[in-house]
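Below is one structure, written out as structure tokens; comments come after it.
Every read-out reported here was derived from the displayed coordinates using simple, explicitly stated rules and does not represent laboratory data. As the structure is a computational prediction, the values presented were derived from the model and not from experiment. Here the Cβ positions follow ideal geometry from the backbone for every residue, glycine too, while neighbour counts run over all protein chains shown.
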Amino acid sequence: MKSPRRRAREFALQGLYQWHLSGNEVPAIEAHLAGVGGFEKLDRPLFDLLLRGAIAEAAELQAIIEPQLDRPYAELSPVERAILLLATFELKRHLEAPYKVVINEAIELAKSYGGTDGHKYVNGVLDKLAVLLRPDEAAQQARRGGRKTEIKEEK
């Protein structure tokens with residue numbers, strides 16, 4: 001069973017994907033998503049923060065992401081772009097969530113919604129971004145032996 005926080009991230013991802021493809025405004029995207037089964041079970045404040053924040057800061061987030069890529073941002077799949085925007089926003093603005101949780105949740109989203117090995121690419125990019133956006137937290141983790149253990153879903 002999915003936690004309300006995981007559902008919030010999934011629906012935020014779906015909203016970002018829709019925004020990338022359609023260019024719809026946030027209220028229209030939210031209205032559409034509200035009609036999808038399971039929406040009522042998500043963490044609404046987290047969903048609002050992630051969707052609205054990632055869209056509002058998309059240009060700034062893209063500028064942070066691009067130097068970490070091995071190809072132009074526009075060549076990423078829409079799912080990878082949406083996951084990276086979502087996770088980069090969360091790394092930058094939602095400091096309550098440990099960076100390991102943010103990365104693990106993004107990997108799970110990529111496994112569920114992305115291409116075959118998209119989760120590996122997302123993981124590599126987010127590992128670099130974690131060091132950039134949360135240097136103290138990443139350094140502490142490195143001293144403890146890295147991010148090798150599987151992180152449980154955030155409750």
Checklist entry - Are there GluC sites (Glu not before Pro) in the range 1-44 that DSSP marks as loop and that have at most 16 other Cβ atoms within 10 Å, and which are they? => result Glu25
Item to check | Integer Hz, Karplus 6.51/-1.76/1.60 couplings in order for the range 72-81, x for Gly and Pro | outcome: x, 3, 5, 8, 5, 5, x, 5, 4, 4
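Roughly how big is the chain's charge dipole about its Cα centre, with Cβ charges of +1 (Lys, Arg) and -1 (Asp, Glu), in debye to the nearest 20?
Details: 23 positive and 23 negative charges, 119 e Å.
Dipole size: approximately 560 debye.
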Next on the checklist: Exceeding 24 Å between C-alpha atoms, which entries from my cross-link table qualify? They are Lys92/Lys120; Lys41/Lys128; Lys2/Lys128.
Outcome noted: Lys41/Lys128; Lys2/Lys128
Checklist outcome for this item: the range 91-148 and the range 1-77 have their Cα centres apart by a whole-number Å value of 17
Checklist outcome for this item: With Cα coordinates, the longest principal axis of the chain makes an angle with the long axis of helix 99-113, in degrees rounded to 10, of 50
Checklist entry - How many percent of Cα pairs in the chain exceed 20 Å? => result 45
Checklist entry - Considering only DSSP states other than H, G, I, E and B, which GluC sites (Glu not before Pro) in the range 68-101 qualify as loop sites with at most 13 other Cβ atoms within 10 Å? => result Glu96
Checklist outcome for this item: Here the equivalent ellipsoid of the range 26-79, derived from its Cα gyration tensor, has semi-axes (largest first, whole Å) of 27, 13, 10
Checklist entry - Mind listing the phi-derived Karplus ³J(HN,Hα) values for the range 5-11, rounded to whole Hz, using 6.51, -1.76 and 1.60 with θ = phi - 60°, and x for any glycine or proline? => result 6, 5, 4, 4, 5, 4, 5
Item to check | Unit charges on C-beta of K, R, D, E only; dipole of the range 12-68, Debye | outcome: 160
Checklist entry - Can you give the helix-only mean residue ellipticity at 222 nm for the chain, where every DSSP H stretch with n ≥ 4 adds -39500 (n - 2.57) and the sum goes over all residues, rounded to the nearest 500 deg cm²/dmol? => result -21500 deg cm²/dmol
Checklist entry - In degrees, nearest 10, range 0 to 90: what is the angle between the Cα axis of helix 118-133 and the longest Cα principal axis of the chain? => result 70
